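A.B. asks: Could you have a look at this structure, given as structure tokens, before my questions?
The values are calculated or read from the model by the stated rules, or taken from the named source; none is laboratory data. Quick caveat: nothing in here was measured; it's all calculated off a predicted structure. Ideal geometry is used to build each Cβ from the backbone, glycine not excepted, and the neighbour counts take in all protein chains shown.
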Amino acid sequence: MKTSVLPAICSSATPFPSVTTGNSKDSYPKNLEAVISKLKNTGAELIFVTTTPVDKGHPLAGDLVDRGSKGMCAPGRTHGVMEKYINPWALEVIKRHPEIAVCDQWQVVKDGENGLYKDWWHGKNVHFGHEATLETPLAKALADKVKEALEHRQEKKAAGTISKPKPPEDLWRSDK
């Protein structure tokens, strides 16, 4: 069984620019739809993972920024950019695909704002790898979603409604 995890923001090698270079309200949903379409063709259970917040050590997210030919883009790595722009844009697309599970890692971190993630929120490091205790709840949230996807896949298999997976193609090539 294959389970594909579809992140909200991918590396610069994917069709999505990194958050620091800006994502346009026009291109981001189109690119996400294209990736979803390709992933669905593999027959995998899909899990969308929201992007975790940008901490309060970064400047506050303002309005969309005009980046010329790129259009109106999210204001880069700023506090609130995920909540205000990137995750809502992505979830707007994901809502059109109810078969895609959502792992809300943004909410996991937000829920721990006055607890486990209190110091992180007031720092200036968007990554969690520096402290294993911060990664554990995020890893558990994703592991729970993967377990649910595996169970769902087994139910579909038992019901005879599972489709034969197609070989994955190079998802990130623009000439396909």
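A.B. asks: So which residues in segment 47-80 are crowded, with 19+ Cβ neighbours inside 10 Å, among the hydrophobic types (A, V, I, L, M, F, W, C) and out of contact with any Lys or Arg (no Cβ under 7 Å at 6 or more places or on another chain)?
C.D. replies: Phe48, Val49, Ala74
A.B. asks: Oh, and also: When you go through (1) of a type outside the set (Asp, Glu); (2) over 24 Å from Asp63 (Cα atoms); (3) under 18 Å from the mean Cα position of the chain (by Cα) one by one for Leu116, which number turns out not to apply?
C.D. replies: (3)
A.B. asks: Something else: Among (1) of a type in the set (S, T, N, Q); (2) modelled with pLDDT under 90; (3) under 18 Å from Thr51 (Cβ atoms), there is one condition Ser163 misses while meeting the rest; what is its number?
C.D. replies: Single failed check for Ser163: (3).
A.B. asks: Something else: Can you pull out the residues in segment 53-71 that are at pLDDT below 90 and in a loop (DSSP other than H, G, I, E, B)?
C.D. replies: The answer is Arg67, Gly71.
A.B. asks: Within segment 134-142, is there a residue that is at pLDDT 90 or above, farther than 30 Å from Pro59 by Cβ and either surrounded by 13 or more Cβ atoms within 10 Å (Cβ to Cβ) or not aromatic (Phe, Trp, Tyr) (or both)?
C.D. replies: yes
A.B. asks: Surrounded by 11 or more Cβ atoms within 10 Å (Cβ to Cβ) and at pLDDT below 90: is that true of His122 in this structure?
C.D. replies: Values: surrounded by 11 or more Cβ atoms within 10 Å (Cβ to Cβ): yes; at pLDDT below 90: yes.
Yes: the conditions hold for His122.
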